[in-house]
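The values are calculated or read from the model by the stated rules, or taken from the named source; none is laboratory data. All values derive from a computational prediction rather than experimental measurement. Methodologically, a virtual Cβ is constructed for each residue, glycine included, from the backbone with ideal geometry; neighbour enumeration extends over all protein chains shown. With ligands, DNA and RNA removed, areas are computed over all heavy atoms of the protein, side chains included. Shrake-Rupley method; radii C 1.70, N 1.55, O 1.52, S 1.80 Å.
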Amino acid sequence: VGVLHNLALLLISCPDERLRDYEKAVTYAERAVRRRDHPDQWELLSLARLRAGHHVAAIEAAERALAPGGRVRADCLLVLAVSHAKLGHRDDAREWLSKAVAWMAEHPPNEEIESLRSEAEAALGQER
């Protein structure tokens, strides 16, 4: 599972953008989920699907990653915000963005989280 996870992550976030391949990332992340049904795998799958433009599927994966009893995952909250915004579900998008911002107020976000936040805000036409 580790190799599949790492390959998907590399294909999503490779510093050399020419090497990014979101569809292949989805394939590897789906295989990782099938091998290990765990929130970490669903989290990665939600991001891969978001990057590939599969917004309904990204929502499904992010919701699985946030299943009851699991930890809050800011990137999943933001995947939900961006995906809902892209689908025109502005109220849902604002709700998820608000939850992510509240989480970020208590936990120092990393660069990826900040980038997703900016993306969600842009999708909603908001500025900080």
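May I ask you to derive the relative contact order of the chain, considering only C-alpha pairs under 8 Å and at least 6 residues apart, and to give it as an integer percent?
Values: 177 pairs, mean separation 21.9, N = 128.
Worked out over the chain, it gives 17 percent.
Thinking of region 36-81 as a set of Cα atoms, what percent of all their pairs are more than 16 Å apart?
Details: 225 of 1035 pairs.
So the pairs more than 16 Å apart make up 22 percent of the total in region 36-81.
Average accessible surface for the chain: 55 Å² per residue, computed with a 1.4 Å probe over protein heavy atoms with every protein chain in place.
In plain terms, the C-alpha convex hull of the chain casts an average shadow of 7.6 nm² when viewed from every direction. Considering the chain as a Gaussian network with a 10 Å cut-off on Cα pairs, which listed residue, Ala57, Ala48, Ala29, attains the greatest mean-square fluctuation? Its mean-square fluctuation being the largest, the pick is Ala57. Rounded to the nearest 10 degrees, the angle from helix 74-86 to the longest Cα principal axis of the chain is 70 degrees.
The angle between the Cα long axis of helix 55-65 and the longest principal axis of the Cα atoms of the chain comes to about 80 degrees, rounded to the nearest 10.
Relative to the dominant Cα principal axis of the chain, helix 111-123 is inclined by about 60°.
Working ranking of peptides 79-91, 2-14 by packing, defined as the average number of other Cβ atoms within 10 Å per residue, highest first, is 79-91, 2-14.
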